[in-house]
Amino acid sequence: MKYSLFFTNFLVFVLGLVTLGFGIWVLVDKPSFLDLFSSAQDILNEHDIADTSSFEIGVYAGAPIILIVVAVLTSLIAFFGCCGAVKENKCMLITYFIILLAIFIACIVGAVFVNQGEFEDGIKKPMNEAVTKYNDSPADDSQDAAFKTIFNEVQAELRCCGVEQAADWKTAEKPNWDQTGANKPAGCCKWSRGQDAENTDDQIKECRKADYTMTEKYYFKGCYDAFTEEITKQQDKIFAAAIATIVVMFLNMLCAFALCTMAE
């Protein structure tokens, strides 16, 4: 039991360091669609057309920071548990057990809280409102220019178009593009289905005029689905790791309690 507690804590310590590195990497290489949300909020505030108080994705944007903090705490506590197991020190084991129990409860509460995040009001509605103010020929260094650049980058990166569907671009009030054909931003047309190379300028022009229903040839799926799929995919991985960690923590609590009762 003594060595089982030591090795499981050593494993948690190593995994904590790995998680720390992963959290730092995510923080540095932040997904571009998180920048899009911030830019869209600026657009809504600039035009004073919507209440942006519901446009809150802090639970997702702040996840890397939370991940780093939890990884550091977990590694330190695991190191503390290793020392307590080796020395069979009753005081250290009791302290370790209490801290582990507190983290165990916090993990469960946190998992429930994150799982209750609502995408509908927090993402879809404000993004649809921001699309109405899209300007395809904005002034340099303006909020409109930043919104255009980021939205096109996200659409090209996630291979999507619009918020719910490509036809969302019909709602743009003053897009400043040629009104003939089914217009849409260039970001929707950087790729075509079934080819590895990016579209040429002529292919992009053709795509921008193409009917919104041509989903078999172009990536006209809405970006909202792409956002939620990306976040859910990462969230599922985090929950799987969290469940495994909670199981190990529970076993460590049992071992710590047992060693505590046997220690002199």
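Derivation of every value follows stated rules applied to the coordinates shown; laboratory data play no part. Remember, it's a predicted structure, so these values are computed and weren't measured experimentally. Here the Cβ positions follow ideal geometry from the backbone for every residue, glycine too, while neighbour counts run over all protein chains shown.
Please check which bits of the stretch 154-173 a label hung off S142 would reach, taking the label as a point 7 Å along Cα-to-C-beta and the cut-off as backbone N under 14 Å. The answer is 173, whose backbone nitrogens lie closer than 14 Å to the label point. Near N199, the amide H atoms lying under 5 Å from its own belong to W191, S192; only residues 5 or more places off or on other chains count, and H is placed 1.01 Å from N. In this structure the amide hydrogen of K221, modeled in the peptide plane, comes within under 5 Å of the amide hydrogens of C161, none closer than 5 places in sequence on its chain. Subtracting the Cα-Cα distance of V18 and K2 from their residue separation scaled by 0.36 nm leaves 3.3 nm. In order along the stretch 141-150, the phi-based Karplus estimate (6.51 cos²θ - 1.76 cosθ + 1.60, θ = phi - 60°) of 3J(HN,Hα) comes to 6, 9, 5, 4, 5, 5, 5, 4, 4, 5 Hz; Gly and Pro are listed as x. Classify the stretch 148-234 as rounded, prolate or oblate, taking a ≥ b ≥ c as the square roots of the eigenvalues of its Cα gyration tensor: rounded when a/c is under 1.5, otherwise prolate if a/b is larger than b/c and oblate if not. Cα axes put the stretch 148-234 in the oblate bin.
Using 0.36 nm times the number of residues separating T149 and I99, minus their current alpha carbon distance, what extension gain do you get? Could you put the intermediate results ahead of the total?
On the way: separation 50, 0.36 × 50 = 18.00 nm, distance 4.69 nm.
Going from the current span to full extension adds 13.3 nm.
Extension gain, E88-E230: 0.36 nm per intervening residue step, less the Cα-Cα distance, totals 46.6 nm.
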